[in-house]
1. Out of everything in region 82-115 that is more than 18 Å from ALA126 (Cα to Cα) and at pLDDT 85 or above, what residue ends up being farthest from the chain's Cα centre (by Cα)?
2. Does region 89-113 hold any residues that are over 12 Å from THR53 (Cα atoms) and out of contact with any helix residue (DSSP H, G or I) (no Cβ under 9 Å at 6 or more places or on another chain), and which are they?
3. Residue by residue through region 25-68, note down the ones that are exposed (fewer than 12 other Cβ atoms within 10 Å of the Cβ), among the hydroxyl-bearing types (Ser, Thr, Tyr), within 21 Å of the chain's Cα centre (by Cα) and at pLDDT below 80.
4. Which members of region 66-90 meet the condition of being touching a residue at least 24 places away in the same chain (Cβ under 8 Å) and not in a loop (DSSP other than H, G, I, E, B)?
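The values are calculated or read from the model by the stated rules, or taken from the named source; none is laboratory data. Predicted, not measured: the structure shown is a model, and the values here were computed from it. Cβ placement follows ideal geometry from the backbone for every residue including glycine, while neighbour counts extend to all protein chains displayed.
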Amino acid sequence: MAIKKRNKVSAEFSMSSLTDIIFLLLIFFMLTSSAVQVNVELPESDSETVAPTDMAVMIKKNGEVTFNSQKVSLKNLEKRIAFEVRYSENKQNATVTIISEVGVPWSKVKEVMSVAARLKLKAIIATQARK
């Protein structure tokens, strides 16, 4: 009597096509995420606390930037802040307060935050009073 071998059905799944699909999805999301523009409204707060500030940068909706009530371009802002910090008495705890009007693109606020980060300063974003 001959013993028959049983053919077992393999329950394997081919992963090669799945990795291709995941790779294409990754590329798609990377390309589309850089094209998306984020508009974020300023946060609102009930707090009455006023943070100490050494320097104030105001960004208006029309693109005008002021540093301590003087008009300045975004290109010259870093030089002006560095000059102010150099002659400041409070070099260790120098703080830049960023005040922006409603409707200012978040990218402008981010540029000012990047300037403060490059100069190793603290940056505070002023909040709106809750309505």
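1. Residues of region 82-115 more than 18 Å from ALA126 (Cα to Cα): 82-92.
Of the ones still in play, those that are also at pLDDT 85 or above are 82-86.
Working: ALA82: 22, PHE83: 25, GLU84: 25, VAL85: 24, ARG86: 27 Å.
The qualifying residue farthest from the chain's Cα centre (by Cα) is ARG86.
2. If the condition is that a residue be over 12 Å from THR53 (Cα atoms) and out of contact with any helix residue (DSSP H, G or I) (no Cβ under 9 Å at 6 or more places or on another chain), then GLU89, GLN92, GLU101, VAL102, GLY103, VAL104, PRO105, TRP106, SER107, VAL109, LYS110, MET113 are the ones that fit.
3. Filtering region 25-68 for residues exposed (fewer than 12 other Cβ atoms within 10 Å of the Cβ) gives 25-41, 43-44, 46-52, 62-63.
Keeping just the survivors that are among the hydroxyl-bearing types (Ser, Thr, Tyr) gives 32-34, 47, 49.
Filter again for within 21 Å of the chain's Cα centre (by Cα), leaving 32-34.
SER33, SER34 - these are the residues of region 25-68 that are exposed (fewer than 12 other Cβ atoms within 10 Å of the Cβ), among the hydroxyl-bearing types (Ser, Thr, Tyr), within 21 Å of the chain's Cα centre (by Cα) and at pLDDT below 80.
4. LEU74, LEU77, GLU78, ILE81, ALA82, GLU84, VAL85
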